Structures are given as C-alpha cells and as structure tokens.
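A short write-up of the structure that comes next.
The values are calculated or read from the model by the stated rules, or taken from the named source; none is laboratory data. Since the structure is predicted, the reported quantities are computational estimates derived from the model, not experimental observations. Here the Cβ is made from the backbone with ideal geometry for all residues, glycine too, and neighbour counts use every protein chain on show.
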Amino acid sequence: MKNLVKCVAVAFSVIALASCGTTKETVKVVTGAYERLDWQGRATGAEVPNWVVAVGDNNKRQIVKELDLDGYMVWSFNSNGPDLDFLQNWTDKVELQSNVAQSISTSIGRATEASLKSEQSIDTTKSDKALKDVTTVLSNVRVNGLEKIASYWIKSRFSESAKPKADSDYKTMYTYYSVWALKTDLYQRQINAAMQDLPENTAQDPLLMKLITRSIEKTILNEDSSVSSVSYDAETDTVTYEEPGAEF
C-alpha cells in the first residue's frame, strides 16, 4: 500500500528541471552527478514547455497562466520511477481519483481547521469531530468531469556520488508530469453534494455548517489553493500531497 506524506514535493522532479529554463532558452544537458538523457519532443528539437518547469517548481500561478486555466480547479502531478509506462498508468488511471480526493480533503481540511479554531464558542471535542467528518467524506469523493490538460516526460540519470566514475554509478529514472482540471462551478456543485453525506451531528449544526461552507468557498476563490500538487516516488511507493500555501 502506498505511503502518504503531506509535505512539499519530491526533490527529484526539481532536479530533473534544474537546467530546463523556459521555452525561450536552449535546453542544456547537465553532466556530472546528474544528466538529462532524453525528453518528450527532443528528436524534433522541441524545448521543455514552461508549464513543465512551473510544475517542477510548484509555481501554481504560473501553471494556471501557461495552460490558460482561469476558472478551473487544477491538479498537477509529477511521478518518478524507472518505468515510464507504469508512471503514466499510475498517475492518469489507477490512482487519479484517489489522489484528487485526498488532495481535496487536505486543502479543504486545512481551511476548515483554521475556521473552526477561530470560533471560540465551539469546544475542542466538537471541532475535532467536525474536522474528521469533513476530511473523511472528502477523501472518499469521486469527481466527475476531470479533463487531462497536458502531460510530459523527462528521462534522466543521477548518482549519489558527486564524482561518478562509471555508468554503474548512475541510476536511470523517468519523471512524468501531468495536469488535470475541472471547471470551478462543476467542482463546487460536487463538493456541496458530498457534504450531504456528513454525519447528522455535524450536518445539523448551523454554526459548524456555516464555517465548513465558508472554508470550501475560500479554497475555491483563493488562487493558490485552487491548484493542488501531488508527487509520487515509485521506488518507495510514496505519495506526497503538498499542503496549500495560502493562509486562511
């Protein structure tokens, strides 16, 4: 079973893009402990797209700008491992819905936690129960209407040694990037529908529901929290859901 980690994205995907620059610059292959061996479109002279660099940098606003995704909820994925076909299948098919649901639960859960803590009239027990109810319901949601916006791969090799002496000192890896999106209004309707599954004690408390609803709206309206980042390391079977950076 995959390990779940809530933190900033896996470092290797950043390394894979370290010398990419933008589409206005020539892609250079780095020698030494790290080498980029191949990338999508290299044979035809294509540069690494700006949106890929933005995903690697976890630059949320740049992802939206480069792919013209205003008015969408966005999920950016980067996956690392030795088998490209496996990464593509894992990211775009096998675990897509599960990863989207977990990222929604993480984002809205964080906003809800902040809202509940700001309301002093709610005791800790009730607050903790409501937060658990929200994150549990959202972690099981299945979103309809997701669109695959773009995908890309880079093949690299790297060595833990700063001065590798032979090919055997290197490990070859692929990094696979993809971006999925859902129109904001469709997303909001589905999240509101999911809230109908909240346990009765939470669902029938007007103050709790007011705070929960407000939290959902904040994650939709805030530019940073409208983009969620998910990373996967196939070798350790570890999934990383980045905590949203925006303050609620």
> All but one of (1) at pLDDT 90 or above; (2) not in a helix (DSSP H, G or I) hold for GLN62; which doesn't?
Replying inline: (2)
> Only one residue in ILE212, ILE191, ILE149 is hydrophobic (A, V, I, L, M, F, W, C) and touching a strand residue (DSSP E or B) at 6+ places or on another chain (Cβ under 7 Å). Which one?
Replying inline: ILE149
>> Between a residue in the stretch 44-63 that is within 16 Å of ALA150 (Cα to Cα) and any residue that is of a type in the set (Asp, Glu) and at pLDDT 95 or above, which pairs come within a Cβ distance under 7 Å, given they are 6 or more apart or on different chains?
In response: ASN50/GLU66; TRP51/GLU66; ALA54/GLU66
>> I'm trying to understand the selection: among the residues of the stretch 136-186, which are of a type in the set (Ser, Thr, Tyr), more than 23 Å from TRP39 (Cβ to Cβ) and buried (at least 18 other Cβ atoms within 10 Å of the Cβ)?
In response: none
> Has the stretch 111-127 got any residue that is touching a residue at least 40 places away in the same chain (Cβ under 8 Å) and over 26 Å from SER215 (Cβ atoms)?
Replying inline: no
> Hey, does the stretch 140-156 have a residue that's touching an Asp or Glu at 6+ places or on another chain (Cβ under 7 Å) and more than 30 Å from GLN88 (Cα to Cα)?
Replying inline: no
> Can you tell me which residue in the stretch 98-147 is nearest to GLN188 (Cα to Cα), limited to those that are of a type in the set (A, V, I, L, M, F, W, C) and assigned to a loop (DSSP other than H, G, I, E, B)?
Replying inline: VAL143
>> Quick check on my filter: what residues within the stretch 204-227 are buried (at least 16 other Cβ atoms within 10 Å of the Cβ) and either of a type in the set (Phe, Trp, Tyr) or in a helix (DSSP H, G or I) (or both)?
In response: LEU208, LEU211, ILE212, SER215, ILE216, LYS218, THR219, ILE220, SER225, SER226
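This table checks each residue for (1) out of contact with any helix residue (DSSP H, G or I) (no Cβ under 7 Å at 6 or more places or on another chain); (2) under 29 Å from ASP83 (Cβ atoms).
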position: ASP133; (1), (2): no, no
position: VAL143; (1), (2): no, yes
position: ILE154; (1), (2): no, yes
position: ARG157; (1), (2): yes, yes
position: THR175; (1), (2): no, yes
position: ASP185; (1), (2): yes, no
position: GLN190; (1), (2): yes, no
position: LEU198; (1), (2): no, no
